[in-house]
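Asks: One structure, pasted below without further comment.
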């Protein structure tokens with residue numbers, strides 16, 4: 001019995017030592033998500049009338065899948081940019097139009113996702129709609145994809161105009177037939193915006209705001225959007241009719257990575 005009792009005492013001491021070590025070991029915790037600075041706000045909190053059709057949380061984008069960092073279908077912007085959109089919207093509503101945003105603040109992790117996709121030359125799932133005439137090996141050289149985006153600074157927005165009353169946009173069904181983004185409006189994806197000559201995120205020189213091949217009603221629509229937003233303090237990117245940045249930017253040199261989610265701007 002003495003030997004057995006001694007063995008039990010040894011086992012008990014070993015168990016106590018193991019418990020002590022385990023209790024002393026630090027508990028691994030998930031790294032908390034970064035939050036938006038107080039200067040950021042959900043656009044709906046400033047102007048709930050602006051239509052939001054956020055593309056990157058969905059499969060209807062140039063990659064054909066939801067983009068990293070877009071947890072919710074939500075437009076987030078710096079407060080000055082959101083207020084400027086509100087001023088533009090008030091003016092447009094009186095004329096029978098509404099703004100519609102496709103993308104607003106974009107986390108750096110989303111940009112990183114774009115870069116990984118662009119380097120995967122075998123993935124051309126959405127080529128037929130978004131870049132039918134562009135070789136994927138040219139996406140970086142031609143400026144369609146970059147490792148940094150002004151969207152990540154919070155004052156840039158991709159948007160269009162919708163004539164009121166707004167018709168609903170037909171849902172995108174993965175696998176459906178793709179039509180080139182520069183096709184006639186009656187043929188391409190049935191967006192409810194007015195005719196801008198190409199669809200959103202069309203990787204083609206026809207998307208250049210002042211491309212001379214865009215004439216008539218399409219050109220007038222682009223200029224209408226440009227004048228409205230320029231008057232509100234935005235600057236257009238010449239290569240994309242839909243891309244505008246509010247100036248001066250609050251964060252001209254900072255690229256944020258908080259997720260697109262209500263929690264990121266809770267309480268702002």
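Asks: Condition test on residue 206, is it at pLDDT 95 or above and either in a strand (DSSP E or B) or under 20 Å from residue 46 (Cβ atoms) (or both)?
Replies: Answer is no for this residue.
Asks: Looking at region 132-146, which of its residues are within 17 Å of residue 68 (Cα to Cα) and either part of a helix (DSSP H, G or I) or in contact with a helix residue (DSSP H, G or I) (Cβ under 6 Å, 6 or more places away or on another chain) (or both)?
Replies: Hit for region 132-146 is 145, nothing else.
Asks: Name the residue, out of 47, 112, that is surrounded by fewer than 22 Cβ atoms within 10 Å (Cβ to Cβ), farther than 20 Å from residue 257 by Cβ, touching a residue at least 40 places away in the same chain (Cβ under 8 Å) and out of contact with any strand residue (DSSP E or B) (no Cβ under 6 Å at 6 or more places or on another chain).
Replies: Matching residue, one of 47, 112: 47.
Asks: Same structure again: Mind listing just one residue for me: the one in region 84-109 that is part of a loop (DSSP other than H, G, I, E, B) and without any contact (Cβ under 8 Å) to a residue 24 or more places away in the chain and, of those, nearest to residue 139 (Cα to Cα)? Steps first, answer last, please.
Replies: Narrowing region 84-109 to residues part of a loop (DSSP other than H, G, I, E, B): 94-96, 104-107.
Now restrict to residues that are without any contact (Cβ under 8 Å) to a residue 24 or more places away in the chain: 94-95.
Details: 94: 40, 95: 38 Å.
Within region 84-109, the match that is nearest to residue 139 (Cα to Cα) is 95.
Asks: Give me a count of the residues in region 50-59 that are within 12 Å of the chain's Cα centre (by Cα), within 17 Å of residue 242 (Cβ to Cβ) and part of a loop (DSSP other than H, G, I, E, B). Step through it out loud before you land on a result.
Replies: Step one: of region 50-59, the residues within 12 Å of the chain's Cα centre (by Cα) are 52-58.
Remaining after also requiring within 17 Å of residue 242 (Cβ to Cβ): 52-56, 58.
Filter once more, keeping what is part of a loop (DSSP other than H, G, I, E, B): 53-56, 58.
Counting residues in region 50-59 that are within 12 Å of the chain's Cα centre (by Cα), within 17 Å of residue 242 (Cβ to Cβ) and part of a loop (DSSP other than H, G, I, E, B) gives 5.
Asks: Looking at (1) on the phi < 0 side of the Ramachandran plot; (2) surrounded by 13 or more Cβ atoms within 10 Å (Cβ to Cβ); (3) at pLDDT 95 or above, which is the only condition residue 165 fails?
Replies: Residue 165 satisfies every listed condition except (2).
Asks: Restricted to region 115-131, and to residues that are assigned to a loop (DSSP other than H, G, I, E, B) and free of Cβ contacts under 8 Å to residues at least 60 places away in the same chain, which residue is nearest to residue 249 (Cα to Cα)?
Replies: Here the answer is 120.
Asks: Taking region 253-264 only, how many residues are within 18 Å of the chain's Cα centre (by Cα) and either in a loop (DSSP other than H, G, I, E, B) or at pLDDT below 95 (or both)? Walk me through it before giving the result.
Replies: The initial filter retains those residues of region 253-264 that are within 18 Å of the chain's Cα centre (by Cα), namely 254-264.
Still in the list and also either in a loop (DSSP other than H, G, I, E, B) or at pLDDT below 95 (or both): 254-259, 261.
Qualifying residue count, region 253-264: 7.
Asks: How many of the residues in region 69-83 are part of a helix (DSSP H, G or I) and out of contact with any helix residue (DSSP H, G or I) (no Cβ under 8 Å at 6 or more places or on another chain)?
Replies: Qualifying residue count for the region: 2.
The values are calculated or read from the model by the stated rules, or taken from the named source; none is laboratory data. No experiment lies behind these values; they were computed from the predicted model shown. Here Cβ is always computed from backbone atoms with ideal geometry, including for glycine, and neighbour counts include all displayed protein chains.
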